[in-house]
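Remarks on the structure that follows.
The values are calculated or read from the model by the stated rules, or taken from the named source; none is laboratory data. Predicted model only: the values in this text are computed from it and were never measured. Neighbour counts run over all protein chains shown; Cβ positions are idealised from the backbone, glycine included. Note: areas computed on protein heavy atoms with side chains; ligands, DNA, RNA excluded. Shrake-Rupley method; radii C 1.70, N 1.55, O 1.52, S 1.80 Å.
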Amino acid sequence: MPFDHNDHYHRLLLRHLPIGGRTALDIGCGTGRFARRLAGRGYEVDALDPSPEVVAAAESIGGGPRYRRADMTTTDLPRGHYDVITCLASLHHMPFATVTRLREALAPGGVLLVLGCYAGITRWDLVAVPANAAARSAVHVADRLRGAAPPPLKAPVRQPDMTLADIRTEANRLLPSSQVRQLLFWRYLLTYTK
């Protein structure tokens, strides 16, 4: 089976979930694929996305999360409530300082997991370019051979404007003791425990 980027990144995030966690918030949930995985792990999941069409698509699939249309930059979140907050490929759609709002919504011992996108090219990205093209082609061909239906709706896409160095600097300033790990395909993993 060809490499599935989303499944790979989902499994990476699932390995960082806090032990004994019960409540989760998924920011920029899209059609809810990862939110459903959290619900499948026994979490009570609030899943937020600013797009009414995307939230409607997620609700039509169902699967346990409570979906809600919300703009993360203005939505009130309960302080100290969530055991885990996830943000997959969506933080670059809002000001990076939004992480302080997410930090405040974490329960003591709670974990913030950001799978983010960065701008610019690092030496590791030069390796990723041909690998990414090959992986995308293999997934497309496998989907066609299986007769898989196209995804019901694509979430809006915005190019990131912060470099990996900028993200590390801001994360150190706003989330002391956080860690930022570079991943392939212009992605990074930010982890922070409150």
Taking Val54 as meeting all but one of (1) free of Cβ contacts under 8 Å to residues at least 40 places away in the same chain; (2) over 24 Å from Arg181 (Cα atoms), write down the number of the exception.
(1)
Top-ranked residue in the stretch 66-100 [being of a type in the set (A, V, I, L, M) and part of a loop (DSSP other than H, G, I, E, B); ranked as farthest from Arg36 (Cα to Cα)]:
Met94
Give the number of residues within the stretch 1-35 that are more than 20 Å from Thr193 (Cβ to Cβ) and more than 13 Å from the chain's Cα centre (by Cα).
4
Have a look at Thr122, Thr86 and point out the one that is within 21 Å of Arg187 (Cβ to Cβ), at pLDDT 95 or above and among the polar types (S, T, N, Q).
Thr86
Any residue in the stretch 67-81 that's at pLDDT 95 or above: show its pairings with residues that are of a type in the set (Ser, Thr, Tyr) at Cβ separation under 7 Å, as long as the two are six or more apart or on different chains.
His81/Thr23
Scan the stretch 31-42 and tell me whether some residue there is farther than 23 Å from Thr169 by Cβ and without any contact (Cβ under 8 Å) to a residue 24 or more places away in the chain.
yes
Which numbered condition Arg101 misses (of (1) open to solvent by 60 Å² or more (accessible area, probe 1.4 Å); (2) more than 15 Å from the chain's Cα centre (by Cα); (3) over 21 Å from Tyr192 (Cβ atoms)):
(3)
Could you please find all residues in the stretch 158-172 being surrounded by fewer than 18 Cβ atoms within 10 Å (Cβ to Cβ) and touching a strand residue (DSSP E or B) at 6+ places or on another chain (Cβ under 6 Å)?
Asp161, Thr163
Considering (1) touching a Pro at 6+ places or on another chain (Cβ under 8 Å); (2) at pLDDT below 95; (3) open to solvent by 30 Å² or more (accessible area, probe 1.4 Å), say which one Cys117 fails and leave the rest.
(3)
One residue is enough: does the stretch 85-103 have a residue meeting the conditions touching a helix residue (DSSP H, G or I) at 6+ places or on another chain (Cβ under 9 Å), under 12 Å from Leu113 (Cα atoms) and among the basic types (Lys, Arg)?
yes
Look at Gly80 and say whether it is surrounded by fewer than 17 Cβ atoms within 10 Å (Cβ to Cβ), on the phi > 0 side of the Ramachandran plot and small (Gly, Ala, Ser).
yes
For the condition surrounded by 23 or more Cβ atoms within 10 Å (Cβ to Cβ), at positive phi and not in a helix (DSSP H, G or I), what is the one hit in Gly63, Gly42, Gly30?
Gly30
Lone unmet requirement of (1) in a helix (DSSP H, G or I); (2) without any contact (Cβ under 8 Å) to a residue 60 or more places away in the chain for Ala47:
(1)
